[in-house]
Amino acid sequence: MSVAIACMTHSQDLDFWLEHHLKTVGIDYIFLRVENLTTAIPQHYQDCVHVEQDLGVQPTINSMIYQQERQMDFVHRCIGVASSIGIRFLLHIDDDELLVLGKKWNSIQEYCASVEWESIQSLRIQNYEAVLRATPTDSHEYFKSTRWFKNCGREPCRSYSNGKSIADVSNVDLRVTGCHTFSGTWKKMKEEDGVILHFDSISYPRWKTKFQALSKMSPDVFASVPFSFYKKSIECFWDENKTEQEKWKFWIDWVSHCENPMDITKNYSIV
């Protein structure tokens, strides 16, 4: 029941992410595609983390637009490698996301062993989105910036709401059908068993860096942006008259809005 994660990253804040997934969740192996920076994996994790470095992908608007294509290609390759080294299940998530398990489970292997995989190829895991319930600090602990989340399956979120997937790579016909899904039949993981925590733009500097870069996109590309928060964020940087204080006010209003905030530490295991 070995379980791996595939993740394409350009973040330097991987220590907590690795610690959480390898120790708290019990992930056996991690495939990392690292772009734009060199990453040193802690010595005690080097045997269970494979790093594919690509310093040739520069942080341009084109690299951001075609990011999903690179992700899909990477996960396709991970499927083949995973099955050849004895990995049974593969989860694809981003570097600003954490898989968390309900406290009834000691590990992801224990949970996967409880699933009837005979009729399905993957599980869909609902995503929750981070929200701020207090004035943010200047802490560099990105994944400790909040313990409050909203369920994207029940109320509007800043980004996607259709979850992420963990697939059975022993299925020879398995393929990637997007950044969130795999081919074949699937069922939804019960939320009390586990969810994906998405820390989307939960710090002002990260929001600013991301959307300042995305604001360079053309109007044609802008028209295809699917999320209102993303469009309005880009427009913040198109508006040359908008002050820094106004940008901060826009950001804090969006990341703090939530109708039914949940304290994630009550029901899920996290470092």
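The values are calculated or read from the model by the stated rules, or taken from the named source; none is laboratory data. Bear in mind that the values here come from a model prediction, so they are computed numbers and not experimental data. Heads up, the Cβs are rebuilt from the backbone with ideal geometry, glycines too, and the neighbour counts pull from every protein chain shown.
Restricting attention to the range 40-50, report how many residues are surrounded by fewer than 16 Cβ atoms within 10 Å (Cβ to Cβ) and not in a helix (DSSP H, G or I). Residues in the range 40-50 being surrounded by fewer than 16 Cβ atoms within 10 Å (Cβ to Cβ) and not in a helix (DSSP H, G or I): 2 in total.
Need pairs with beta-carbon distance below 8 Å; first residue free of Cβ contacts under 8 Å to residues at least 40 places away in the same chain and within the range 1-18, second surrounded by fewer than 24 Cβ atoms within 10 Å (Cβ to Cβ); sequence gap 6+ or separate chains. What qualifies is 12/37; 12/39; 15/42; 18/30; 18/41; 18/42; 18/45; 18/49.
Applying the condition of being under 15 Å from residue 46 (Cβ atoms) and of a type in the set (Asp, Glu) to the range 1-31 and asking which residue is surrounded by the most Cβ atoms within 10 Å (Cβ to Cβ) yields 28.
Of 164, 210, all but one fail to be of a type in the set (D, E, K, R), free of Cβ contacts under 8 Å to residues at least 40 places away in the same chain and either closer than 28 Å to residue 80 by Cβ or crowded, with 16+ Cβ neighbours inside 10 Å (or both); the exception is 210. For residues in the range 244-271 being in contact with a Leu (Cβ under 8 Å, 6 or more places away or on another chain) and in a strand (DSSP E or B), which is nearest to residue 195 (Cα to Cα)? In this case the residue turns out to be 268. With respect to (1) in contact with a Leu (Cβ under 6 Å, 6 or more places away or on another chain); (2) within 21 Å of residue 24 (Cα to Cα), the lone exception for residue 110 is condition (1). When residues in the range 225-262 are screened for being under 22 Å from the mean Cα position of the chain (by Cα), farther than 24 Å from residue 148 by Cβ and surrounded by fewer than 17 Cβ atoms within 10 Å (Cβ to Cβ), 3 of them pass.
Close contacts from the range 104-119, counting a first residue that is more than 13 Å from residue 89 (Cα to Cα) and a second that is modelled with pLDDT under 95, with Cβ to Cβ under 8 Å and a gap of 6+ residues or different chains, come to 105/269.
Of the candidates 206, 175, the single residue that is modelled with pLDDT under 95 and in contact with a strand residue (DSSP E or B) (Cβ under 9 Å, 6 or more places away or on another chain) is 175. Looking across the range 1-46, the residues that are closer than 19 Å to residue 202 by Cα and of a type in the set (D, E, K, R) come down to 13, 15. Looking at 239, 193, 168, just one residue is among the acidic types (Asp, Glu) and not assigned by TED's automatic domain parsing to the domain that holds residue 129, and that residue is 239. Contact map, the range 248-265: residues that are farther than 15 Å from residue 230 by Cβ and in contact (Cβ under 8 Å) with a residue 24 or more places away in the chain paired with residues that are of a type in the set (Asp, Glu) and surrounded by 17 or more Cβ atoms within 10 Å (Cβ to Cβ), Cβ distance under 9 Å, separation 6+ or inter-chain. Pairs shown: 258/129.
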